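Below: one structure, written as structure tokens.
The values are calculated or read from the model by the stated rules, or taken from the named source; none is laboratory data. Bear in mind that the values here come from a model prediction, so they are computed numbers and not experimental data. Glycine also receives a Cβ, built like all others from the backbone with ideal geometry; neighbour counts cover every protein chain displayed.
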Amino acid sequence: MLPGILRDVIFDYTLRNVALGSALLGIVGGVLGTFAVLRRQGLLGDALAHAALPGICLAYMLANSKAPLVLMIGAAISGWIGTLLILRIVEDTRLSEDTALGVILTVFFGLGIVLLTYIQHSNDANQAGLDKYLFGQAATLVQEHVITMAAVGSIALALVAVFFKEFKLLSFDPEFAASIGFPVRGLNVLLTSSIVIAVVIGLQTVGVVLMAAMLIGPAAAARQWTNRLGVMLALSGFFGAASGVVGAMISVTGSRLPTGPLVVLCVTAIVIVSILFAPERGVVWDSLRRRSNRRAILEQGQQP
Amino acid sequence: MSAELTVLLTAIFAASACALVGTFLVVRRMAMMADAISHAILPGLVFAYFLANGPNLVAGVFGASLAGLATVALVEALQRTGRVKSDAAIGIVFPAMFALGTFAVSKWFSNVHLDADAILFGEIAFAPFDRLIIAGRDIGSQPLIVLAVLSLLNLVLVLLFYKEVKLATFDAGLAASLGFSPVLIHYGLMSAVSVTTVGAFAAVGAILVVALMIVPAATAYLLTDRLDLMIVYSVVCGVVSAIAGYYLAIELDVSISGMMAVTMGGLFAVAALFSPSYGIVARARRRAVQRERFSVDLLLLHLGHHPTGDESVAHLAAELDWPRARLQRAIRQAGAAGSVAIVGERVRLTPDGQDAVHAIAQRLSPS
Amino acid sequence: MTVAGTAATAPVAIRDLTVAYREQPVLWDVDLTLPEGKLIAIVGPNGAGKSTLIKAIMHLVPRTSGTISIFGKPYEQQRRLVGYVPQRGSVDWDFPTNALDVVQMGMYGKLGWVRRPGKRERETALACLEQVGMTAFANRQISQLSGGQQQRVFLARALAQDAQIYLLDEPFAGVDATTERAIIEVLRDLRSRGKTLIAVHHDLESLREYFDWLVVMNVRIIAAGPLETTLNAENLHAAYGGKILTLGAIGQPQLVGAE
């Protein structure tokens, strides 16, 4: 049986949870990040992740519980509110999207810090751990987290599986999608909600500050290796999972280093290799081609 | 100087130094680039401190500025490859730099006086205890002096290059033809952002530096069209938030820098909603008025098309495809202006209305 | 009631249409009934609202007033009868997909929710690519196609919609001569099968050669009717205003000077 095999491979309870949890966040982040990147909403993911912080604190204060589902719901709600506010600012004021992102990201994060210090200073013995949401700490993952992450994450993945063709057209040509009768607004809400889920799942492991990298990096790397959306989704999920697991393992076993930065460094390594060396789209091949062309022209010039 | 006053003044100078450069970031639509820089200076700071054997001010400024400029160059290089879009390029570079910085801090340089919390939201409450010592003499609180100098420096820069930056922002082509290199101004501004970030970093942390730069400037942008006034409003808004944020934070026993950002957010929300020129409420009201006037125009023009100049209300509603209430309002207003008369269930253009139709057609005919 | 009579059967009938952006009219009081089985050009200066008119027909932009009917019924009920070729520049051509896949998107509306395109859709898509002379490029990543080839892929996608009315937003903008010929051949073929083709067009010189019906507009409709009677200096002058237009010796309109 599979659990038996798993137990053989991963002997340790903590390690198993860490590996499963970070693989999950990597897959969900990579898959939904692909849509975020294709729709040029990568930085919206960044703002959303920061905007989730006050939600985590408020959920804890209101429910007086650190149950992963409670905190995730709090994070999702405030992330959603932040996203809506950004869209409204862009729509209803003269400010650019870029400024709207900056304002919401920093103000929500500031509010998160205020709430975090409020909880810390109110001498609550149970509070330890909320600050782990800043940079992420994979070692704090327990089975309950992993199960919650799997349940919530599979909703997001199921949505992508069911609405693959709709999300594809929505990302490529939303106007055409509307012309053939797709409910573009509803699909937008669905897709953005899935991205919110992807962010929320990753917060405990990677942290609010660096979560954007888990959406953007794997997708940008995956785009280099394929011209098919389906393959890109799979590859992006794989890259995300691989960096998640490797980063988390180093974090848990090697030292007490925060997990987020380690995971992001793994993602970055994959991105660098992909952008430089991927077949066809690799930047290195471009410059090699240019150089050999230049040489060919020079040689032709010398031997008329 | 009392400890409280030191902290308060540090907060005020941090806010004003940031607001001065922030204005240009907002009008140049580079808010997220500033966010990226604020994260990305971390590795520069860490390696500089390492080389200088401690949190040396001068080394820190150099290292962090280099890292800031490297970030801008890296993002631009990544965009130029055409392999990733601009937002993804920013989203790849700054997390990588920040991750490198935090990794380095926790792995090798735990002695360099930077911990994760301080990186994120700073230690402004410690400002009185962080002394600037030159040649063995205690000059005063280092963050306070640094930020006061930075405020002055940024003010001088703004006064000196106001015209050039303004021109480069609104008409890069003209600026270039007049001999002000937009690239130079761009990198100059990015340098100012980097240096200001380094200075404010220790007090308010990486992310809230961006709040201090962007939020007051965004608020000011909602209040005025004039760049010079925008700078003034932005600084005022920053300073007010710093003072209010400080006292609120003391009262509630929470993070001072966090509270400063929240206060700025509050001011921003007020401006976004209630600014007389660009506020959401004023805008909605103006549009409602325009919309009504527009509805009347449409109604008159529609009636003008009919040879008899009159039409039943039910027919009008169907043809214009308007809800009843909107049609009734338009008819009422047109009636009040004397353009239409209501005869039983029918609406009829008056002679005044005929003239109005001509005027509308005239106004809308292509020039 | 002859107007109402034709409006009930016309492929596109527009009554009292006004579209405003921030209460600034983009289309003003448009009444237009288009005939079936014609190649119809919409011309007018930049900012005349030509694309907006096309989008308004498909309810892609909110209307301030007015009604639009497709063969006598609202657009929502007649969607399947309308094919759309957007401006080429409206999408990101670096999207990870190939020509065949884009063409299959034309059938998403008929496929309905959840169902994926299968073998039949693939064959239809290939047939559509063949019609525009793009069979060889079916599996080509779309960013590796030339501008003209991309435009033909968009046309093939509309063909895959198997519609009665085709709305084309500047189908000839920035394409090569081969593509221009291929596109006009496809459009003529569609016309011969009784389809109605409505295209936003920029090039006044090719009007007479390509189209048989004309809409001249500038925010308002200035003239609409058969090409022979509608294409004249007066109408074009009314639309293009300051830009002086003359009809050359052979009746070809020429842009003489732009002010």
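Return the only residue of B:Leu152, B:Leu184 being within 21 Å of B:Ala73 (Cβ to Cβ) and not hydroxyl-bearing (Ser, Thr, Tyr). Outline the logic, then answer.
Details: B:Leu152 fails: within 21 Å of B:Ala73 (Cβ to Cβ).
None of the others qualify; the one that does is B:Leu184.
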*B:Ile342, sole failed condition from (1) over 22 Å from C:Arg15 (Cβ atoms); (2) surrounded by 13 or more Cβ atoms within 10 Å (Cβ to Cβ); (3) under 40 Å from the mean Cα position of the chain (by Cα)*: (3)
_Residue among B:Val198, B:Val149 that alone is of a type outside the set (Ser, Thr, Tyr) and touching a helix residue (DSSP H, G or I) at 6+ places or on another chain (Cβ under 7 Å)_ = B:Val198
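Every residue, every condition in (1) at pLDDT 95 or above; (2) assigned to a helix (DSSP H, G or I); (3) of a type outside the set (A, V, I, L, M, F, W, C), yes or no:
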| site | (1), (2), (3) |
| --- | --- |
| C:Gln78 | no, yes, yes |
| C:Gly89 | no, yes, yes |
| C:Gly106 | no, yes, yes |
| C:Lys110 | no, yes, yes |
| C:Arg116 | no, no, yes |
| C:Gly133 | no, no, yes |
| C:Gln149 | no, yes, yes |
| C:Phe172 | no, no, no |
| C:Thr179 | no, yes, yes |
*Among (1) aliphatic (A, V, I, L, M); (2) loosely packed, with under 14 Cβ neighbours inside 10 Å; (3) within 39 Å of the chain's Cα centre (by Cα), where does B:Ala314 come up short?*
(3)
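State yes or no: is C:Trp93 surrounded by fewer than 18 Cβ atoms within 10 Å (Cβ to Cβ) and touching a residue at least 40 places away in the same chain (Cβ under 8 Å)? Steps first, please.
Numbers: surrounded by fewer than 18 Cβ atoms within 10 Å (Cβ to Cβ): yes; touching a residue at least 40 places away in the same chain (Cβ under 8 Å): yes.
Answer is yes for this residue.
What do you reckon, is B:Ala148 among the small types (Gly, Ala, Ser) and at pLDDT below 80? First the steps, then the outcome.
Numbers: among the small types (Gly, Ala, Ser): yes; at pLDDT below 80: no.
No, not satisfied.
Select, from C:Arg15, C:Arg88, the only residue that is under 30 Å from C:Lys119 (Cβ atoms), charged (D, E, K, R) and crowded, with 17+ Cβ neighbours inside 10 Å. Lay out the reasoning, then the answer.
Values: C:Arg15 fails: under 30 Å from C:Lys119 (Cβ atoms).
Exactly one of C:Arg15, C:Arg88 is under 30 Å from C:Lys119 (Cβ atoms), charged (D, E, K, R) and crowded, with 17+ Cβ neighbours inside 10 Å, namely C:Arg88.
Where residues in region A:69-83 are of a type in the set (A, V, I, L, M) and closer than 25 Å to B:Ser38 by Cβ, which of them is surrounded by the fewest Cβ atoms within 10 Å (Cβ to Cβ)?
So the first thing to find is which residues in region A:69-83 are of a type in the set (A, V, I, L, M), and the list is A:69-73, A:75-77, A:81.
Adding the requirement that they be closer than 25 Å to B:Ser38 by Cβ leaves A:75, A:81.
Details: A:Ala75: 29, A:Ile81: 17.
Step by step, filter region A:69-83, then rank; the result is A:Ile81.
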*Restricting the first residue to region B:235-253 and requiring it to be at positive phi, which pairs with a second residue that is in a helix (DSSP H, G or I) meet a Cβ separation below 8 Å and a spacing of at least six or different chains?*
B:Asp253/A:Thr117; B:Asp253/A:Tyr118; B:Asp253/A:His121
*Of the conditions (1) touching a residue at least 60 places away in the same chain (Cβ under 8 Å); (2) away from every other protein chain (no Cβ under 14 Å); (3) part of a helix (DSSP H, G or I), C:Asp189 fails just one. Which one is it?*
(1)
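Mind checking which helices (runs of 4 or more DSSP H) fall wholly inside region A:116-174 and carry at least 1 residues that are more than 8 Å from every other protein chain (Cβ to nearest Cβ), more than 21 Å from the chain's Cα centre (by Cα) and modelled with pLDDT under 95?
Numbers: elements: A:132-135, A:143-162, A:164-172.
Because the criterion is at least 1 residues that are more than 8 Å from every other protein chain (Cβ to nearest Cβ), more than 21 Å from the chain's Cα centre (by Cα) and modelled with pLDDT under 95, the helices (runs of 4 or more DSSP H) in region A:116-174 that meet it are A:143-162.
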*Does B:Ala40 count as more than 23 Å from B:Val158 (Cβ to Cβ), crowded, with 24+ Cβ neighbours inside 10 Å and within 26 Å of the chain's Cα centre (by Cα)?*
yes
_Consider region C:12-43. How many of its residues are without any contact (Cβ under 8 Å) to a residue 12 or more places away in the chain and outside any strand (DSSP E or B)?_
2
_Options A:Val107, A:Val90: the member that is crowded, with 19+ Cβ neighbours inside 10 Å, more than 20 Å from the chain's Cα centre (by Cα) and farther than 29 Å from A:Ala23 by Cβ_ = A:Val107
_Quick test of your reading of the structure: B:Val84 fulfils all but one of (1) touching a residue at least 12 places away in the same chain (Cβ under 8 Å); (2) crowded, with 24+ Cβ neighbours inside 10 Å; (3) among the aliphatic types (A, V, I, L, M). Name the failing condition by number._
(1)
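Any idea which of B:Leu208, B:Leu212 is crowded, with 19+ Cβ neighbours inside 10 Å, under 14 Å from the mean Cα position of the chain (by Cα) and modelled with pLDDT under 90?
Working: B:Leu212 fails: modelled with pLDDT under 90.
After ruling out the rest, the residue left standing is B:Leu208.
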*Exactly one condition in (1) surrounded by fewer than 18 Cβ atoms within 10 Å (Cβ to Cβ); (2) under 16 Å from the mean Cα position of the chain (by Cα); (3) small (Gly, Ala, Ser) is not met by A:Ala219; state its number.*
(1)
*Give the residue that is nearest to the other protein chains (Cβ to nearest Cβ), with candidates limited to residues of region A:252-284 that are hydroxyl-bearing (Ser, Thr, Tyr) and either closer than 17 Å to A:Leu210 by Cβ or touching a His at 6+ places or on another chain (Cβ under 9 Å) (or both).*
A:Thr268
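Which one of A:Val189, A:Val209 is modelled with pLDDT under 90 and either away from chain C (no Cβ under 14 Å) or farther than 18 Å from A:Ala161 by Cα (or both)? Step through it out loud before you land on a result.
Values: A:Val189 fails: modelled with pLDDT under 90.
Residue meeting the stated conditions: A:Val209.
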*How do the helices (runs of 4 or more DSSP H) wholly within region A:223-304 filter down when requiring 3 or more residues that are modelled with pLDDT of 95 or more and not aromatic (Phe, Trp, Tyr): which remain?*
A:229-249, A:259-277
*Yes/no for A:Gly244 being more than 18 Å from C:Pro96 (Cα to Cα), surrounded by 24 or more Cβ atoms within 10 Å (Cβ to Cβ) and of a type in the set (Gly, Ala, Ser)*: yes
*Quick check: is even one residue across region B:138-146 assigned to a loop (DSSP other than H, G, I, E, B) and in the same structural domain as B:Phe24 (by TED's automatic domain parsing)?*
no
*Being β-branched (Val, Ile, Thr), more than 17 Å from the chain's Cα centre (by Cα), in the same structural domain as B:Ala206 (by TED's automatic domain parsing) and crowded, with 24+ Cβ neighbours inside 10 Å narrows it down to one of B:Val21, B:Val46, so name that one.*
B:Val46
